[in-house]
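Read the figures in this text as sums done on the coordinates, not as results from a lab. What you see is a predicted model; the values in this text were computed from it and never measured. Neighbour counts run over all protein chains shown; Cβ positions are idealised from the backbone, glycine included.
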Amino acid sequence: MITFKYLYNRLSIKMLTTKEIGKFKKKLQGGEDHLVFIFEALSNPARLKIFRLLSKQKDICVTDVARILGVSVPAASYQFRILEMVGLVEKERMGKMICYKLKKENPIVRKIIRIVG
């Protein structure tokens, strides 16, 4: 019969100490809220496509994205606003046109580009 002790010794399973558990708890406290919002924003297929477009293009205007995605300009604008709210893109006004670009100075944006770009 296989016992817990046998498995413990055989598989070299090591339970965490109270001190180690405390360290992990401290490392996991706070700071996740921003990442949750970023991942929620990118979980939408349209916003992920926009992010990928911007990773290939320096900047892009809302009207162009609307045409590429086959959606209305207000729908594309709405998706950009969400990406802007979570800090992934920034807006540039060019006359009457509104264009966006990735905030590449943000280390999180650079990491996401490497993953999905």
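Points to keep in mind about this one:
- Two-site label geometry, LYS91 and ARG110: point separation in nm, points 7 Å out along Cα→Cβ: 2.7 nm
- Per-residue ellipticity at 222 nm computed for the chain from its helices equals -18500 deg cm²/dmol, with DSSP H segments shorter than 4 residues left out and the rest contributing -39,500 (n - 2.57).
- Above-threshold pairs, the threshold being 26 Å between Cα atoms, out of LYS56/LYS96; LYS49/LYS91; LYS27/LYS58; LYS26/LYS91; LYS49/LYS96: LYS27/LYS58; LYS26/LYS91
- A Stokes-Einstein calculation at 20 °C with viscosity 1.002 mPa s, built on the Kirkwood radius of the chain over Cα pairs, returns a diffusion coefficient of 125 µm²/s.
- Proximal charge balance of ILE60 [Cβ under 12 Å; K/R count +1, D/E count -1]: +4
- Taking amide H positions as modeled 1.01 Å from N, with prolines and chain starts lacking one, the residues under 5 Å from ILE98 and 5 or more places away or on another chain are VAL62, THR63.
- Pair THR63, ASN44: separation of 7 Å Cα→Cβ label points (nm): 2.2 nm
- The Cβ shell under 14 Å around PHE39 holds other residues with a net charge of -1, Lys and Arg each +1, Asp and Glu each -1.
- The chain: antiparallel DSSP beta bridges as a percent of all, rounded to 5: 100 percent
- Helix 32-42 axis, angle to the chain major axis (alpha carbon atoms, nearest 10°): 50 degrees
- Whole-Hz couplings from phi, Karplus 6.51/-1.76/1.60, listed for the range 78-94; x for Gly and Pro: 4, 5, 5, 4, 5, 4, 5, 4, 8, x, 8, 10, 10, 8, 10, 8, 10
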